[in-house]
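Student: Quick one: structure below, then a few questions.
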Amino acid sequence: MATVTIQHVTKSFGDNVVLREFNETFQEGEFVTLLGPSGCGKTTMLRIIAGFERPTTGELYIGDQLVSGGKTFIPPEKRNIGMVFQSYAVWPHMNVFDNVAYPLTIKKTPKNTIREQVERVLDIVHLSQYAQRLPNQLSGGQQQRVALARALVAAPELLLLDEPLSNLDAKLRESMRFEIKEIQKKTGITVVYVTHDQAEAMAMSDRIFVINRGVVQQSGTPDEIYNHPANQFVADFLGKVDFFKGEVRDGRIYLEGMGGQSIAYDGPRTGRVDVAIRPENIIFSAEGELKGVLETQYYLGDVDDCRVRVGDSLMRVITNGYEHRFLHEGQEIRLAIRESMVFEDDGLLEDILKIRT
Amino acid sequence: MKRSTDPRRNILKREPAKLVTRIGLAVIFLLGALMAYMGIRGQNEFSASGFSSERAYQAIYALSGQVSDAWKNSVQPDLNALTEQERALLDSTMADLLRDAWENQNAGAGEEAARLAAEGGERKGEITGKLLYTTYLVNGPKVSTSDRKELLGAKDGKALRLQLLQCMIDESLPLPKEAASLAEGLTGKERQAMLLQAFFVSGGSAGSDLTDNVNSLKKSVRGKEHQLTAFRMIARSEVSWGWQLLVSNSSTAVLLGIILMLDMVLLTLLMMAEKTWIVDFKWIMILLIVDFLLLFQLFPSVYMLIRAFFPEGTFSLSTMQRLYTYSMNLEALKNTLIAAFATMILGTAIAFPLAWLVGRTDLYGKKFFRSLFILTYMVPPYVGAMAWLRLMNPNVGTINQWLRVIFRLSDAPGPLNAYTLPGMIWVLTTFYYPYAFITISRAMEKMDPSLEEASRISGASPVKTLLTVTLPMMTPSLIAGALLVFISAASCYGIPSIIGIPGNVNTVTTRIVEYVGQGQTGMNDATGLAVFLMVVALLILFVSDVLLAKRQYITVSGKSVRPAIVELRSWRIPMTILVSLFAVIVVVLPFVTILTTSFKVDIGKSVFDASNFTTTNWTSVFARAETIGCLKNSLIFAAVSATVGLVIACVMSYLLQRTRVRGRSIPNFLITLGSGTPSVVIALGLIMTMRGNFGINIYNTAYILIAAYLVKYLMMGMRTVVSAMSQIHVSLEECSQVSGASWLTTMRRITGPLIFPSIAAGWFLIFIPSFYELSMTTLLYSSTTKTIGLQLYEYWTLTSQPMSCAMAFGILLIVVFLNFILNRLTRGEFSI
């Protein structure tokens, strides 16, 4: 299995810079996700790795081999990569077997080997009984698995997936997530996965790269990204979060618009800060630091999504659904912040959040 | 749930219109049946009268021949001695005789005629009255409306007419005063009759015109047999006015009756299928469109088919056997098939790489090339044929002259010769490859690029990808494009008529047109050949619309498709040069040839030779009233066809895209069928059914041309509007309605503006081909409905090639200009 080394890769179309100074190494057998809003450059990066785009500057290595960079350019067909496209790209004029067998046929593999290999991967994706079907006789999910089987059949060193689940319905998407993850574990293949769906990224990845405006904002494990975001964008892009302005004084953060109320803080920042709080990290507690009034609640069964007025501000609190029965609107309530993320207030918060599409 | 509480069921039960509608349907159906029945009785009455226009023509022929001889032998020497009054009297007498021959179908009236001609007559007024009647009878519709009104509407029109008619029977009766005075004023207005008189007065010196004159006489009375018979009957007091009405309109009555019955059956079936008994306005629209198509498209074709196998009313293959064993026809069949097949192979072989280079590579100037190749799609083929004749004329063709210089050949004719089958194939190819090009480019551009990328990442090289993925996926479109080229080439008339006839390379279309010019038996023969063309066309239509349509791979992806561009690298410049060369040969060279020829005095010399440059061709062609008249005709016919066609297209698109009305696919099917039928076949069918024998007489009028254009080109307009409407999601309209806009306001404010470019494009797509149409016009024109295409063809074959080139370039300018607008409106995305 291969590593992917990306060195100073920049890509621009005319004046439009879509990818800026991408510098990273994907390890062998790693499941890497490029996550970001649409138009952030993540698909471009994937297509550069595949060889469908050439980087404007910078180098790309697969294993030890330079594949793009300088005068060198190895075309996609010579890179030994498997790829699954967003539209599946299952050839409609070939049946499932021929679709999957194609990469092996190209390599002039002996017929019986092809048969064995195709049957093996079709078994992995649970499509053995559909081998003779034409793609238009398959559902979206089945076509997607044909595409996956085709990407895996030649035992590539690297598997690229370009939003492979975005055209599937919610239930199927969830089960496919785990299937893909299982296959990756079984084969040990290096996977680069592109998505704008943070749940997908969290569920599958060893490492997530959050990209925005062509720049990597943060890379890390799902836990790092979610709980220790490098900046406001990352915090906002993953999960739910509310931002509050505040000022650090005497080991406390005084929050604006909350009638002078404050929360404890032992971090390194001083002066004006942005405080990002995830609603599930606020709990109702008699010992809570903040005092407020429960204004509305939306009971969703498993959770209770509440709005609590603290001073002039509204705080979103997501609490266990069980607590619903003890709460009523208009009730005075105390809130405890289990965890918060504190960023330096560089005055750009509004701007950063605005470009989320 | 109990059945009675099913809300739908309740609505059905309570539906108040149910009974009324059913009764209404039945009443209209019965009315139709009654009309048809009465019509048939009228028809029988007509047959019983034993009148046959064919026999009457023959009588006129014979008479005119005999009179001519008698005249020459006895009367002519004295002609100069006659006073003017006596001559006028003679004219009238001759016309009278003609009328007699016509009326009584009396071929042996020659001697009597000669006697009368020599004697002259005494009752001038009465004879003039008879002349008036004759010319009215023969030329009725051509007499100007105001005159006819005056004649027939004078105080007591019916009585006057009756009086006139009685004068015909009994010569001793005095002529009504009004008629006598009117007759004097009418002299010279009835062109046809006057021409005939001129012939007699001149003593047959204009003898060569005889056939023409009798032919035009025939044309002008064709289809009026019923009226004429009825007049005779009433004149002889055989029947009442009611019967006359019935006899003279019997075929119209049958036709209307059958249509009404058909419509009611169709409506009833629709209603039963929809389980509702409320008449939906949409059904009325469908019925109207279906009626139009049934009448002007399906019925003529079916009738033609029947006539081909039942030439004399009984089943017989004798016509077929004679036709298909005649060596000239066999040759024509062979030529047609070879030419169409070769054009298909050659055209597709050119179009596929061209479409790929222009659509999928980084070729220089590919946008320009794309527009250029699409632009040529609408150039009239006969203009191309003219250009290539100039270029490849074996003696003075420009290319031949160059080749002789380059390869130092002798001055012998050649080496290329356009007047051959290969020459024709080449010209057909240069004009029909765009059909394949457009079909293939569209499929190529719509293909999801990741299908090819998936192949690349699977290890296939670009070439291998082209062969294993792109090409197989394109196959259905490729075949569809190829078949389109095949049928277009096989049913083309313009190119074979200009290249093939002089070169003695006959095709089925040229044979058909030739046969049509040969009268009744020729008509049967033309039908027999047309059946062949029709069968081939229907077969192809079936293959491409039914079999291939199922195999069209829908590969539209969620993302907007941006086809992957293949880098040509070192091939980029050579390929660009190659494509440019092709463009020069196929587009620039012919156009330039037409332009330069139009300024030449001697077409054999270069336009730059001394004193070989002239603008006379241009000035004389466009100064002629006839040219301008033809141009006006073309513009009017095309504009009317386009406008009517577009109304139908809009209604159809609405029905197809916005409603689930059952039966909406019936007109759609008929329209597709119509456009797939070869032009010559459409025209032939119309000739055979639209000259009054089935209650509609639009022969020799502009209507028959417009009907033909509509049948042939309606689909192009319709597809454009339908595809535009399919791209407007219905929610846009629903949203407007929810916002409080009425259906009409929504159409005007939302749908209208959104599809306007396509509506305009659809209009041009019907207008342009109708404007320069030749194949159908050749068969359907009359002296008053000549079009510019026909005029050009006549100039080319009869008058002067440089002059016709001037006219051709004028047409080209108009067409290219219209095309330019069309391309701007649709960005080259129109349907063919």
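Student: Using the Kirkwood radius built from alpha carbon pairs, what does the Stokes-Einstein equation give as D for chain A at 37 °C and 0.692 mPa s, in µm² per second?
Tutor: Here the translational diffusion coefficient equals 143 µm²/s.
Student: Could you list A:Glu163, B:Glu445, B:Glu734, A:Glu332 so that the one with the fewest beta carbons within 10 Å of its beta carbon is first and the one with the most is last?
Tutor: By the 10 Å Cβ count, ascending, the order reads A:Glu332, B:Glu734, B:Glu445, A:Glu163.
Student: So, one more: Which FRET efficiency value, to the nearest 0.05, do you get for B:Leu581 and A:Asn227 by plugging their Cβ-Cβ distance into 1/(1 + (r/R0)^6) with R0 = 56 Å?
Tutor: For R0 = 56 Å, the calculated efficiency reads 0.25.
Student: Can I ask one more? Mind checking the full-extension length gain between B:Val405 and B:Leu19? Use 0.36 nm per residue of separation minus the Cα-Cα distance, one decimal, nm.
Tutor: That pair, B:Val405 and B:Leu19, stretches by 130.3 nm at full extension.
Student: Next up: What base-10 log of the normalised intensity I(q)/I(0) is obtained for segment B:327-595 from the Debye formula, alpha carbons as equal point scatterers, at q = 0.12, 0.13, 0.14 Å⁻¹?
Tutor: Treating every Cα as an identical point scatterer, log10 I(q)/I(0) equals -0.83, -0.93, -1.04.
Student: Compute the Rg/Rh shape ratio of segment B:622-826: radius of gyration over Kirkwood radius, all on alpha-carbon atoms.
Tutor: The Rg/Rh ratio comes out at 1.05.
Student: If you don't mind, there's one more thing I want to ask. Expected output is a single nm value to one decimal: the length gained when fully extending between A:Leu314 and A:Phe13, i.e. 0.36 nm times separation in residues minus the C-alpha distance. What is it?
Tutor: The span from A:Leu314 to A:Phe13 would gain 104.0 nm if fully extended.
Student: Plugging the Kirkwood radius over Cα pairs into Stokes-Einstein for segment A:1-124, at a temperature of 4 °C and a viscosity of 1.567 mPa s, what D comes out in µm²/s?
Tutor: 79 µm²/s
Student: Please give, to one decimal in nm, the separation of the simple spin-label points placed at B:Thr268 and A:Phe73, each 7 Å out from Cα toward the Cβ.
Tutor: 7.2 nm
Student: Could you give the nm distance between label points at A:Val215 and A:Leu172, where each point is 7 Å from its Cα heading toward the beta carbon?
Tutor: 3.9 nm
Student: I need A:Ser219, A:Ser87, A:Ser128, B:Ser47 ordered by Cβ neighbour count within 10 Å, fewest first.
Tutor: Taking fewest neighbouring Cβ atoms as first place, the list is B:Ser47, A:Ser128, A:Ser219, A:Ser87.
Student: Taking a point 7 angstrom from the Cα of B:His729 along the C-beta vector, which residues in segment B:737-780 have backbone N less than 16 Å away?
Tutor: B:737-738, B:751
Student: Filter the cross-link list A:Lys245/A:Lys291; A:Lys108/A:Lys186; B:Lys605/B:Lys786; B:Lys600/B:Lys786; B:Lys18/B:Lys275 down to pairs whose alpha-carbon distance in this structure exceeds 22 Å.
Tutor: Correct reply: A:Lys108/A:Lys186; B:Lys605/B:Lys786; B:Lys600/B:Lys786.
Student: Sticking with this structure for a sec: Using 7 Å Cα-to-Cβ label points, what is the A:Lys185/B:Gln737 separation (nm, one decimal)?
Tutor: 5.3 nm
Each value in this text was obtained by applying a stated rule to the coordinates, not by laboratory testing. On a predicted model such as this, the values are computed, not experimentally measured, just so you know. Glycine gets a Cβ as well: all are built from the backbone with ideal geometry, and neighbour counts include every protein chain shown.
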